[in-house]
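J.: Pasting in a structure now, in C-alpha coordinates, and then I'll have a few things to ask.
The values are calculated or read from the model by the stated rules, or taken from the named source; none is laboratory data. Keep in mind that what you see is a predicted model, and the values were worked out from it rather than measured. For neighbour counting, all protein chains shown are included, and Cβ atoms are generated from backbone atoms with ideal geometry for every residue, glycine included. Areas reflect the complete protein model, heavy atoms only, side chains present, ligands, DNA and RNA absent. Shrake-Rupley method; radii C 1.70, N 1.55, O 1.52, S 1.80 Å.
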Amino acid sequence: MLFRSNGTAHNVPGVDNHQAWWEILPTFYIMPINFSATAGYMFIASTRWTGDGYRFYFYNYYNKTTTALDVDSTAYSGDSAEAIAERPTMSNGHLAYLSNFGTLTFYYSQANGADFDTYPATSVRHGIHMEDVNFNDMADPSDIGSGGYFTVHQQSCD
(Lines give C-alpha, C1' and ligand atoms only; values in the text may rest on other atoms or scores of the structure.)
Protein backbone atom coordinates (compact mmCIF):
# COMPACT_ATOMS: atom_id res chain seq x y z
CA MET A 1 0.00 0.00 0.00
CA LEU A 2 1.25 3.48 -0.86
CA PHE A 3 0.93 6.44 1.51
CA ARG A 4 1.91 9.99 0.65
CA SER A 5 1.52 12.93 2.97
CA ASN A 6 3.02 16.11 4.32
CA GLY A 7 2.65 18.21 7.44
CA THR A 8 4.57 19.57 10.40
CA ALA A 9 6.38 17.78 13.18
CA HIS A 10 6.37 18.09 16.93
CA ASN A 11 8.54 15.96 19.18
CA VAL A 12 9.77 13.81 16.27
CA PRO A 13 13.40 12.67 16.56
CA GLY A 14 15.61 14.34 13.94
CA VAL A 15 13.03 17.00 13.01
CA ASP A 16 12.61 20.44 14.62
CA ASN A 17 9.29 21.26 16.26
CA HIS A 18 6.88 22.79 13.70
CA GLN A 19 9.26 21.95 10.85
CA ALA A 20 7.53 20.93 7.61
CA TRP A 21 8.07 17.48 6.08
CA TRP A 22 6.84 15.21 3.30
CA GLU A 23 6.79 11.44 2.80
CA ILE A 24 5.89 8.78 0.24
CA LEU A 25 5.75 5.42 1.99
CA PRO A 26 7.19 2.85 1.79
CA THR A 27 10.07 4.53 -0.13
CA PHE A 28 10.59 7.94 1.54
CA TYR A 29 9.98 8.26 5.27
CA ILE A 30 9.63 11.71 6.88
CA MET A 31 11.79 14.05 4.80
CA PRO A 32 12.18 17.43 6.61
CA ILE A 33 12.40 20.61 4.52
CA ASN A 34 13.62 24.12 5.31
CA PHE A 35 10.16 25.53 6.10
CA SER A 36 8.21 25.82 9.36
CA ALA A 37 4.78 26.48 10.79
CA THR A 38 4.22 29.11 13.47
CA ALA A 39 2.65 27.71 16.64
CA GLY A 40 -0.88 29.02 17.20
CA TYR A 41 -1.46 30.05 13.57
CA MET A 42 -3.10 28.29 10.66
CA PHE A 43 -0.89 26.33 8.29
CA ILE A 44 -1.65 24.60 5.00
CA ALA A 45 -0.02 21.32 3.96
CA SER A 46 -1.35 19.68 0.80
CA THR A 47 -0.34 16.83 -1.48
CA ARG A 48 -1.41 16.56 -5.14
CA TRP A 49 -0.74 14.04 -7.89
CA THR A 50 0.81 15.85 -10.89
CA GLY A 51 0.69 13.00 -13.38
CA ASP A 52 4.33 12.05 -12.95
CA GLY A 53 4.80 12.52 -9.22
CA TYR A 54 3.58 14.55 -6.27
CA ARG A 55 3.54 18.25 -5.45
CA PHE A 56 3.87 19.01 -1.76
CA TYR A 57 2.65 22.52 -0.93
CA PHE A 58 3.00 24.45 2.34
CA TYR A 59 1.69 27.87 3.45
CA ASN A 60 2.36 29.67 6.76
CA TYR A 61 -0.47 32.12 7.53
CA TYR A 62 1.56 33.96 10.19
CA ASN A 63 4.32 35.24 7.91
CA LYS A 64 2.48 34.65 4.59
CA THR A 65 5.26 32.48 3.17
CA THR A 66 4.89 29.49 0.92
CA THR A 67 6.96 26.75 -0.60
CA ALA A 68 6.28 23.81 -2.88
CA LEU A 69 8.34 20.92 -4.13
CA ASP A 70 7.80 18.22 -6.72
CA VAL A 71 8.88 14.63 -6.20
CA ASP A 72 8.96 12.22 -9.13
CA SER A 73 7.13 8.96 -8.53
CA THR A 74 5.43 6.41 -10.74
CA ALA A 75 3.34 5.06 -7.86
CA TYR A 76 -0.20 6.40 -7.59
CA SER A 77 -3.34 4.84 -6.20
CA GLY A 78 -5.58 7.87 -5.49
CA ASP A 79 -7.72 5.79 -3.15
CA SER A 80 -7.27 7.61 0.15
CA ALA A 81 -6.92 10.99 1.80
CA GLU A 82 -6.23 11.85 5.40
CA ALA A 83 -5.84 14.68 7.86
CA ILE A 84 -4.19 13.33 10.97
CA ALA A 85 -2.48 13.86 14.30
CA GLU A 86 -0.28 10.84 14.81
CA ARG A 87 2.31 9.31 17.06
CA PRO A 88 5.20 8.46 14.72
CA THR A 89 7.30 5.33 14.80
CA MET A 90 11.01 6.05 15.27
CA SER A 91 13.71 4.45 13.13
CA ASN A 92 14.32 1.82 15.86
CA GLY A 93 10.69 0.65 15.53
CA HIS A 94 9.53 2.11 18.87
CA LEU A 95 6.74 4.66 19.09
CA ALA A 96 7.80 8.25 19.78
CA TYR A 97 6.41 9.97 22.87
CA LEU A 98 3.15 11.75 22.16
CA SER A 99 3.45 15.50 22.62
CA ASN A 100 1.02 17.14 25.03
CA PHE A 101 -1.05 18.94 22.38
CA GLY A 102 -4.38 19.27 24.26
CA THR A 103 -6.84 19.88 21.42
CA LEU A 104 -5.70 20.18 17.82
CA THR A 105 -8.04 21.82 15.30
CA PHE A 106 -8.17 20.98 11.59
CA TYR A 107 -9.87 23.50 9.28
CA TYR A 108 -10.85 22.96 5.64
CA SER A 109 -9.82 19.30 5.36
CA GLN A 110 -10.25 18.28 1.73
CA ALA A 111 -9.77 15.42 -0.72
CA ASN A 112 -9.72 16.09 -4.47
CA GLY A 113 -10.84 19.68 -3.83
CA ALA A 114 -13.99 18.70 -1.86
CA ASP A 115 -14.43 19.20 1.90
CA PHE A 116 -14.29 15.97 3.91
CA ASP A 117 -17.83 16.50 5.17
CA THR A 118 -19.19 16.18 1.61
CA TYR A 119 -18.17 12.51 1.49
CA PRO A 120 -20.68 9.96 2.89
CA ALA A 121 -20.05 9.24 6.57
CA THR A 122 -20.68 5.51 6.20
CA SER A 123 -17.71 3.34 5.17
CA VAL A 124 -15.95 6.15 3.25
CA ARG A 125 -14.70 8.40 6.03
CA HIS A 126 -13.96 7.68 9.63
CA GLY A 127 -12.04 8.92 12.64
CA ILE A 128 -9.39 6.76 14.22
CA HIS A 129 -8.87 6.83 17.97
CA MET A 130 -5.23 6.81 19.04
CA GLU A 131 -4.34 4.10 21.56
CA ASP A 132 -1.14 3.12 23.35
CA VAL A 133 0.35 -0.39 23.17
CA ASN A 134 -2.01 -1.50 25.98
CA PHE A 135 -5.08 -0.17 24.09
CA ASN A 136 -5.55 2.76 26.48
CA ASP A 137 -7.19 5.82 24.90
CA MET A 138 -4.69 8.57 23.99
CA ALA A 139 -6.56 10.89 21.59
CA ASP A 140 -10.01 11.08 20.00
CA PRO A 141 -11.23 12.84 16.84
CA SER A 142 -14.53 14.69 16.74
CA ASP A 143 -17.11 14.24 13.99
CA ILE A 144 -16.30 16.05 10.75
CA GLY A 145 -18.19 19.33 10.52
CA SER A 146 -18.91 21.88 7.83
CA GLY A 147 -15.97 22.68 5.58
CA GLY A 148 -14.06 19.60 6.76
CA TYR A 149 -13.57 21.07 10.27
CA PHE A 150 -12.75 18.66 13.10
CA THR A 151 -10.69 18.46 16.28
CA VAL A 152 -8.51 15.84 17.92
CA HIS A 153 -8.67 15.90 21.74
CA GLN A 154 -5.83 14.36 23.70
CA GLN A 155 -6.62 12.11 26.66
CA SER A 156 -3.09 10.97 27.61
CA CYS A 157 0.57 11.36 26.54
CA ASP A 158 1.94 8.00 27.73
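J.: Could you figure out which of (1) assigned to a strand (DSSP E or B); (2) among the aromatic types (Phe, Trp, Tyr); (3) modelled with pLDDT of 85 or more isn't true of TYR29?
T.: Unmet for TYR29, out of (1) assigned to a strand (DSSP E or B); (2) among the aromatic types (Phe, Trp, Tyr); (3) modelled with pLDDT of 85 or more: (3).
J.: Looking at (1) in contact with a Phe, Trp or Tyr (Cβ under 7 Å, 6 or more places away or on another chain); (2) open to solvent by 40 Å² or more (accessible area, probe 1.4 Å); (3) in contact (Cβ under 8 Å) with a residue 12 or more places away in the chain; (4) under 19 Å from ILE84 (Cα atoms), can you tell me which one PRO13 breaks?
T.: Single failed check for PRO13: (1).
J.: Would the stretch 61-72 turn up any residue that is of a type in the set (Gly, Ala, Ser), under 19 Å from HIS18 (Cβ atoms) and open to solvent by less than 50 Å² (accessible area, probe 1.4 Å)?
T.: Step one: filter the stretch 61-72 for residues of a type in the set (Gly, Ala, Ser), giving 68.
Retained after the next criterion (residues that are under 19 Å from HIS18 (Cβ atoms)): 68.
In the following step, the residues that additionally are open to solvent by less than 50 Å² (accessible area, probe 1.4 Å) were identified as none.
Within the stretch 61-72, not a single residue is of a type in the set (Gly, Ala, Ser), under 19 Å from HIS18 (Cβ atoms) and open to solvent by less than 50 Å² (accessible area, probe 1.4 Å).
J.: Any residue at all in the stretch 63-71 that's part of a loop (DSSP other than H, G, I, E, B) and in contact (Cβ under 8 Å) with a residue 12 or more places away in the chain? Working first, answer last.
T.: Quick first cut of the stretch 63-71, residues part of a loop (DSSP other than H, G, I, E, B) only: 63-64.
Retained after the next criterion (residues that are in contact (Cβ under 8 Å) with a residue 12 or more places away in the chain): 63.
Yes, there is a match, as at least one residue in the stretch 63-71 is part of a loop (DSSP other than H, G, I, E, B) and in contact (Cβ under 8 Å) with a residue 12 or more places away in the chain.
J.: Does the stretch 38-60 hold any residues that are aromatic (Phe, Trp, Tyr) and either exposed (fewer than 14 other Cβ atoms within 10 Å of the Cβ) or touching a Lys or Arg at 6+ places or on another chain (Cβ under 9 Å) (or both), and which are they?
T.: Just the residues of the stretch 38-60 that are aromatic (Phe, Trp, Tyr), to begin with: 41, 43, 49, 54, 56-59.
Hits for the stretch 38-60 are TYR41, TRP49, TYR54, PHE56, TYR57.
J.: Regarding the stretch 74-86, can at least one residue be identified that is among the aromatic types (Phe, Trp, Tyr) and not in a strand (DSSP E or B)?
T.: Within the stretch 74-86, the subset among the aromatic types (Phe, Trp, Tyr) is 76.
Checking which are not in a strand (DSSP E or B) leaves us with 76.
Scanning the stretch 74-86 turns up at least one residue that is among the aromatic types (Phe, Trp, Tyr) and not in a strand (DSSP E or B).
J.: Does the stretch 69-82 include one or more residues that are modelled with pLDDT of 90 or more and over 26 Å from TYR29 (Cα atoms)? Talk me through it step by step, then tell me what you get.
T.: First, pick out the residues of the stretch 69-82 that are modelled with pLDDT of 90 or more: 69-71.
Still in the list and also over 26 Å from TYR29 (Cα atoms): none.
No, every residue in the stretch 69-82 fails to be modelled with pLDDT of 90 or more and over 26 Å from TYR29 (Cα atoms).
J.: Related question: Which is open to solvent by 60 Å² or more (accessible area, probe 1.4 Å) and under 17 Å from SER5 (Cβ atoms), of ASN112, ASN136?
T.: Values: ASN136 fails: under 17 Å from SER5 (Cβ atoms).
On inspection, the qualifying residue turns out to be ASN112.
J.: Name the single residue that is farthest from the chain's Cα centre (by Cα) among those in the stretch 27-37 being open to solvent by 40 Å² or more (accessible area, probe 1.4 Å) and closer than 23 Å to ARG87 by Cβ.
T.: Of the residues in the stretch 27-37, the ones open to solvent by 40 Å² or more (accessible area, probe 1.4 Å) are 27-32, 34, 36.
Imposing the further condition that a residue be closer than 23 Å to ARG87 by Cβ reduces the set to 27-32, 36.
Values: THR27: 17, PHE28: 15, TYR29: 13, ILE30: 11, MET31: 13, PRO32: 14, SER36: 14 Å.
Result: THR27.
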